[in-house]
1. Please indicate, with yes or no, whether at least one residue in the range 154-168 is of a type outside the set (S, T, N, Q), closer than 26 Å to W238 by Cβ, assigned to a strand (DSSP E or B) and free of Cβ contacts under 8 Å to residues at least 12 places away in the same chain.
2. Restricting attention to the range 341-351, does a residue exist that is aliphatic (A, V, I, L, M), more than 20 Å from T65 (Cβ to Cβ), crowded, with 22+ Cβ neighbours inside 10 Å and at pLDDT 90 or above?
3. Are any residues in the range 147-191 open to solvent by less than 10 Å² (accessible area, probe 1.4 Å) and either charged (D, E, K, R) or at pLDDT below 90 (or both), and if so, which ones?
4. Of the residues that make up the range 206-217, is at least one out of contact with any His (no Cβ under 9 Å at 6 or more places or on another chain) and modelled with pLDDT under 85?
5. I'm checking my understanding of the structure. Among residues of the range 47-67 that are part of a loop (DSSP other than H, G, I, E, B) and in contact with a Lys or Arg (Cβ under 8 Å, 6 or more places away or on another chain), which one is most open to solvent (accessible area, probe 1.4 Å)?
6. Would you tally the residues in the range 240-294 being among the polar types (S, T, N, Q) and within 15 Å of the chain's Cα centre (by Cα)?
7. Here are some residues: D250, D282, D264, D278. Which one is over 20 Å from R43 (Cα atoms) and either surrounded by fewer than 17 Cβ atoms within 10 Å (Cβ to Cβ) or in contact with a helix residue (DSSP H, G or I) (Cβ under 9 Å, 6 or more places away or on another chain) (or both)?
8. Select from the range 1-25 the residues that are assigned to a helix (DSSP H, G or I), at pLDDT below 85 and open to solvent by less than 50 Å² (accessible area, probe 1.4 Å) and list them in ascending order.
Amino acid sequence: MKLWSYFLSVLLTLPLTASAQLFRPLGLGFSGGERQGYLSQPRMHVEGEKLYVCTSQGLYAKDLTDDNSAWQQAGFEGIPLQGYVRRGADILALRYNEGGEYLLLSHDGGKTYEDVTPDIFRNGEHERLGCLVQHPTDPNTLLVASLYKGVCRSINFGQTWEQLTEFVYGNPAASFIGFHPARPNVIYNSGEGMIYEGHINITYDGGQTWNDHGNSLGFPGDNCVHQVAFHPANPDLWIAGGEGCVFITDDNGQTWNCQNYWGDEARMAYWYFTAFDDEHPDTVYMVGCLGRNGQKNACIKIMCSTDGGRSWNESQVMESMREFDRVNDLQQYNDRLLIYAESDVYTVSKAELIAQSTAAIRSITSDTPTAPTYDLQGRQVERPQHGIFIKNGRKVVR
């Protein structure tokens, strides 16, 4: 009983704790996530128990089972990397460059490598490749976002490339691509148009034809559609962040609704990355940032939803001393979120995030609630017993 009382008292004090304590730095040791020339966006991957991070100085790795473990150089030493994909022992890495070597192929984990950039990416004087992604089931099939040629695909692990679309976004620093994990013939390319309106290009036939979903579907002007996340149990439900907005579709990307939060200080940010919880798909996380200006300090923000993205709790904030601490990626590892920013890699407890994000605590609730009840890990509970739960976005004590 004493142990439970202590545990209860700790949870009840969570909303009073500075939200910055949610963000625990993993001590990369240098600002490896700084964007090269503003246009790069280095990413990270969780592989088993290890975290691999693309940095301005090469690929670094850390053992996630021990927060005190040291970061190790893991390949491509001294190369400013943006991303990579694996096929068995082979690694194809995307480096930051302007008109030069973009794609580096290694057969020994990044110790040695060769430039395999094809001519299609060498013809433009100012060519840049923004991101590299891999098919969910076929490791040979890859996509890159070319800032001057649109989306290109390879079916032989980067040996040759074909151009799928010539559509180029107006803001070259904000272009995202990806496969639908459950429907790989569905590919999206999102970003910001020539007059700063949100756009998303979608193909439902593997790249043969494309549908440009822009302002006609309710995307507000002066905005951007960022990385898309797909509900793991409902493939028709997609969510993407924008500039102060959450974009959501429940018909496989055909029509969209913008939950416009401009003017709502608790949810205002450049929301770059979204993730449905690995184990509890109705719990969704979104991470973004704000730059420094006359009214606000630079900060990293994170917010969560426990109803599949239909409503969002107030965001949690970590203020930064940097002019703009951009967010590069969001990944998950067990009960934690991993956030890669320019300043460091941070870990956030999912349970603490949900607990701190709820608006209030109610003392007692009915034994027959009509709305779903969740535990502090975001799992739906059919018959909640003693403890603290989440209901209608609020903490409930039973």
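1. Filtering the range 154-168 down to residues of a type outside the set (S, T, N, Q) leaves 155, 157-158, 161-162, 164, 166-168.
Filter once more, keeping what is closer than 26 Å to W238 by Cβ: 155, 162, 164, 166-168.
Remaining after also requiring assigned to a strand (DSSP E or B): 162.
Filter once more, keeping what is free of Cβ contacts under 8 Å to residues at least 12 places away in the same chain: 162.
Yes: one or more hits.
2. First, the residues of the range 341-351 that are aliphatic (A, V, I, L, M): 341, 345, 348, 351.
Then drop every residue that is not more than 20 Å from T65 (Cβ to Cβ), which leaves 341.
Keeping just the survivors that are crowded, with 22+ Cβ neighbours inside 10 Å gives 341.
Filter once more, so that each one left must be at pLDDT 90 or above: 341.
Yes; the residues of the range 341-351 include at least one that is aliphatic (A, V, I, L, M), more than 20 Å from T65 (Cβ to Cβ), crowded, with 22+ Cβ neighbours inside 10 Å and at pLDDT 90 or above.
3. Within the range 147-191, G150, A174, G191 qualify.
4. To start, the set of residues in the range 206-217 that are out of contact with any His (no Cβ under 9 Å at 6 or more places or on another chain) comprises 206-211, 216-217.
Cutting the leftovers down to modelled with pLDDT under 85 gives us 216-217.
Yes, the range 206-217 has at least one match.
5. Narrowing the range 47-67 to residues part of a loop (DSSP other than H, G, I, E, B): 48-49, 56-57, 64-67.
Still in the running and in contact with a Lys or Arg (Cβ under 8 Å, 6 or more places away or on another chain): 64, 67.
Values: L64: 6, D67: 83 Å².
Once the filter is applied, the top-ranked residue is D67.
6. Quick first cut of the range 240-294, residues among the polar types (S, T, N, Q) only: 249, 252, 254-255, 257, 259-260, 274, 283, 293.
Narrowing the set further to residues that are within 15 Å of the chain's Cα centre (by Cα) leaves 274, 283.
The qualifying residues number 2.
7. Details: D250 fails: either surrounded by fewer than 17 Cβ atoms within 10 Å (Cβ to Cβ) or in contact with a helix residue (DSSP H, G or I) (Cβ under 9 Å, 6 or more places away or on another chain) (or both); D282 fails: either surrounded by fewer than 17 Cβ atoms within 10 Å (Cβ to Cβ) or in contact with a helix residue (DSSP H, G or I) (Cβ under 9 Å, 6 or more places away or on another chain) (or both); D278 fails: over 20 Å from R43 (Cα atoms).
Criteria check complete, one pass: D264.
8. L8, L11, L14, S19, A20
The values are calculated or read from the model by the stated rules, or taken from the named source; none is laboratory data. In this text the structure is predicted, and so the values were computed from the model without any measurement. No Cβ is skipped: glycine too gets one built from the backbone with ideal geometry, and neighbour counts run over all protein chains shown. Keep in mind that these areas ignore ligands, DNA and RNA; they rest on the heavy atoms of the full protein, side chains included. Shrake-Rupley method; radii C 1.70, N 1.55, O 1.52, S 1.80 Å.
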